[in-house]
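The values are calculated or read from the model by the stated rules, or taken from the named source; none is laboratory data. For clarity, every value in this text was computed on a predicted model and none was experimentally measured. Every residue, glycine as well, gets a Cβ built from its backbone with ideal geometry; the counts of neighbours run over all protein chains shown.
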Amino acid sequence: MLNKSLKIGIVCPYGWDTPGGVQNHVRDLAEFLIAAGHQVSVLAPVIDESAVPDYVVSAGKPLAIPYNGAVARILFGPIAFARVRQWIAGGEFDILHLHEPAIPSISLLACWAAEGPMVGTFHAAAKKQKAIFAIGPILEPVIEKLSARIAVSEAARSTLTEHLETDAVVIPNGIYASRYTNGTPQERWMGNTLGFIGRFEEPRKGLSILMDALPIVARFAPDVRVFVAGPGESDDFIKSIDPQLRGRLEFLGRISEEDKANFLASISLYIAPNTGGESFGIILAEALAGGAAVIASDIPAFDSLLGGGRFGELFSSEDSTDLAKRIIDLLRDDNRRKALARAGKSHAAQFDWDVVAEQIFSIYEMSMVGGTGVRLASENRSWNPLRAREASSAE
Amino acid sequence: MRNILLALLLLLIVLWHLSFSATRLDRLHHRVETSWANLDGLLQRRAAVALEIARSEMSDPATALLLTAAAYQARDADIEFRSAAESGLSGALGLLLTDVGPYENLSERDLLRELSELTDKIRIAIALHVDAVTRTQMVRSKFIFKTFRLAGRAPLPVTYEFEADVL
């Protein structure tokens, strides 16, 4: 189905050059669609305009704003709105794909400004907030304009249903599964080894829970070692833990994709002790694709990704004793660990970009039925002449 | 004087809100139409595939008869009987697929693959259409939409009842 070349406009709400799941998703999707022969333009806030690929259009510098328990680098305001309108007017897109359009960002602005086939992807999973009663009536008419809504997980979908009373099609986040399936096991990471990948300094990633579980595990498996990969200041973290454990811990820093594949193929168990704030769990999907047996906390996103425990072991979140127990059980039972890894690996195939992009593209096709392309909403209003003058002076 | 100005401003705001709401409803009606057009197109394609399956070697004469009848019914049904007819076709296809063997023939495998792809798409298309319809119904039942008859003479869209489990 990927044969007709389309002009696709994608809006990424978060700063392009800051790390994050949504940005990675947008980048991979854009590159996949370009490789399939489509014309793609991504509008995103950008800090350093000289360092972005040529399919990215800058909407200005992002602002750091506290949102959903973290600092979000997003952008809005009159100047950003003018840029968004300019981008839509000049793009002549067949379809717009807006990411996270329910937060104050250029995605929301684009949804407001545009008319025509639009698809929205909702990434976040959040608990029901009181504030939603106040912002619901503002958001509703805007979100209504989307011809199709995608949620990246069941958790994100139920968030959407609760907050905005609207349903969505679940299409998981994509990974390049083939990058991880053929890793070569490395001697240095083999044995009774536990792996962790991610920004370990963030408390919600839960590395400290694994550290609390480690003394118990060490009593039963004296040669257990933990490898932590990911960006961050490891010295500070090492100081904060028990000196007796330090020898079991090794920080690898940021690792390449190739090393990641080898790493996942070598370790005995991949541990994801996240305490929350995850909507999908891309790293878990990658770990499964890489053939690692996985133990993850039973937060909703991981529970659904691991099929309720069929494709990876779940422990009750923030309970380090339970985690320790499950680590010991699986380290001792080679057969079960290998069976779990095998089941996980075949399960991960459905997250491959080949599958995921095809699903997203079929949503595009459905949204474009009888479509006239994307244009500015204000173009067909009665007071148009007035607005046109205003817009041209703003640009 | 100030009161008059204030009243005028209020009137303007009310008028703006009415115009905004009318645009919003118009957009929703448009969404219902396009999502239905999309669903309709997919269902037509499914009927065509069902006919081809009926003509192919994988269906015995009895199945072929059943499928052909169901496919024609689904194609020709008026809108009010449409969902019943489509469910009938889903049932007939379901019967065929439950005792489907490993088909060696390439064209037959292509047909079955096309059918399963279509089924996936139809499922999504139904979800999109139902969402558009329920949204429209919800908005139209709101106070200002009813009071000012913003829907005009557009008929209230009805939910397309489709038994997703027989698909």
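Data overview
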{"quantity": "Residue in region A:171-185 that is more than 14 Å from chain B (Cβ to nearest Cβ), under 29 Å from A:Phe32 (Cα atoms), assigned to a helix (DSSP H, G or I) and aliphatic (A, V, I, L, M) present", "calculated": "no"}
{"quantity": "Residue that is surrounded by the fewest Cβ atoms within 10 Å (Cβ to Cβ) [pool: residues in region B:24-57 that are more than 14 Å from chain A (Cβ to nearest Cβ) and over 17 Å from B:Gly91 (Cα atoms)]", "calculated": "B:Glu57"}
{"quantity": "Options A:Ser268, A:Ser234: the member that is crowded, with 17+ Cβ neighbours inside 10 Å, more than 25 Å from A:Leu306 (Cα to Cα) and of a type outside the set (A, V, I, L, M)", "calculated": "A:Ser234"}
{"quantity": "Residue in region B:94-110 that is surrounded by 18 or more Cβ atoms within 10 Å (Cβ to Cβ) and modelled with pLDDT of 80 or more present", "calculated": "no"}
{"quantity": "Every residue from region A:195-225 that is surrounded by fewer than 16 Cβ atoms within 10 Å (Cβ to Cβ), basic (Lys, Arg) and under 14 Å from A:Leu245 (Cα atoms)", "calculated": "A:Arg219"}
{"quantity": "Output for region A:140-154, where each listed residue is among the β-branched types (Val, Ile, Thr) and more than 14 Å from chain B (Cβ to nearest Cβ)", "calculated": "A:Val152"}
{"quantity": "Spans of strands (runs of 3 or more DSSP E) in region A:188-306 with at least 2 residues within 22 Å of A:Ser317 (Cα to Cα) and not assigned by TED's automatic domain parsing to the domain that holds A:Gly20", "calculated": "A:193-197, A:225-229, A:269-272, A:293-297"}
{"quantity": "Residue list for region A:155-170, restricted to those being acidic (Asp, Glu) and away from chain B (no Cβ under 14 Å)", "calculated": "A:Glu162"}
{"quantity": "From the options B:Ala70, B:Ala154, B:Ala85, B:Ala127, residue that is touching a Leu at 6+ places or on another chain (Cβ under 7 Å) and either of a type outside the set (Ser, Thr, Tyr) or under 30 Å from B:His17 (Cβ atoms) (or both)", "calculated": "B:Ala70"}
{"quantity": "Near pairs, Cβ below 7 angstrom, 6+ apart or cross-chain, from region B:130-147 (within 12 Å of chain A (Cβ to nearest Cβ)) to any residue that is at pLDDT below 85 and part of a helix (DSSP H, G or I)", "calculated": "B:Val139/B:Phe145"}
{"quantity": "Residue within region A:299-309 that is crowded, with 24+ Cβ neighbours inside 10 Å, among the hydroxyl-bearing types (Ser, Thr, Tyr) and more than 16 Å from A:Asn182 (Cα to Cα) present", "calculated": "no"}
{"quantity": "Residue match in region A:161-183 (condition: in the same structural domain as A:Phe251 (by TED's automatic domain parsing), surrounded by fewer than 16 Cβ atoms within 10 Å (Cβ to Cβ) and at pLDDT 90 or above)", "calculated": "no"}
{"quantity": "Region B:132-167, residues that are outside any loop (DSSP other than H, G, I, E, B), surrounded by 12 or more Cβ atoms within 10 Å (Cβ to Cβ) and either at pLDDT 85 or above or of a type in the set (Asp, Glu) (or both)", "calculated": "B:Ala132, B:Val133, B:Thr134, B:Arg135, B:Thr136, B:Gln137, B:Met138, B:Val139, B:Arg140"}
{"quantity": "Residue match in region B:67-81 (condition: free of Cβ contacts under 8 Å to residues at least 60 places away in the same chain, over 18 Å from B:Arg123 (Cβ atoms) and in contact with a Gly (Cβ under 7 Å, 6 or more places away or on another chain))", "calculated": "yes"}
